[in-house]
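One structure is given here, and the rest of the page talks about it.
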Amino acid sequence: MVELTETTIAVLVATGAVLALAIVAVRALRAHTRRRFDAMLGRVDDHLSSISDSLRDALDRSDEVKANTVREHELTWDGLTNAHQRHGYEAELEREVLRARTSQRPLSLIVLDVHDLAAPHEIEQVAADLAALLARVTRTSDKVVRSRDDELVVLLPETSAEAAWRFHGRLRIELAKSFENPAERLTVLTDVVEWRPDETSKSFDARARRAVGHEGAASRAQRFSG
């Protein structure tokens, strides 16, 4: 049997104390780690809940925007001509003016004004025929809007007056083809107006109205006889 000396006993006692302290430290560290882990999981859960709430809010807003868009479409869309009515025209014009001002790109429009219609009640069919023609010859970025009962406007984004006049020439050719033998007598006045950087959408629209009533537009009038 090994006889334990006082030194050996002291070493064993010290070792036991160290082991006991180590066990206590490990347990404390484990408890601390668990608390930190639980706290971290709690924060992650809160963060995920916040993301979920944000997504639900975004979806709700998206549904509201879609509903408002549908209502706006129903209020401003002319089903016969497949073009926006006056309120839709004003909104489209304001959007395009804002886009042109922001991008510093040109914006032009072409006005088509119907006059001398032999049978005024035929204006709806004439407007529909004009809108169908414009849908064939315009770009996807262009917008055809019905600003008044007897007037349609083609908004031409990123188009200078020079380019708009070239399109105007092609449009007159298409008008001549489409209304070569109209059911009723009518006159179509057309003119081109380019937006100026100092103009609002309202002043731009007012200038376009004056232009189509100017003698220059009258000299370019296309008259068709039934």
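Read-outs: derived from the displayed coordinates by stated rules, not from any lab. Treat the numbers as computed from the prediction; the structure is a model and nothing was measured. No Cβ is skipped: glycine too gets one built from the backbone with ideal geometry, and neighbour counts run over all protein chains shown.
Structural remarks
- Alpha carbon centroid spacing (whole Å) that separates region 122-138 from region 152-170: 17 Å
- Ranking of LEU133, LEU152 by count of other Cβ atoms within 10 Å, fewest first: LEU133, LEU152
- Projected label points at VAL26 and ALA39, each 7 Å from Cα along the beta carbon direction, are separated by 2.5 nanometres.
- Computed label-point distance, nm, for sites SER49 and HIS214 using a 7 Å Cα→Cβ extension: 6.6 nm
- ARG99 versus ASP129: modelled label distance in nm, points set 7 Å from Cα along the beta carbon direction: 3.1 nm
- Potential lengthening between HIS115 and ARG136 on full extension [0.36 nm per residue; Cα-Cα distance subtracted]: 5.3 nm
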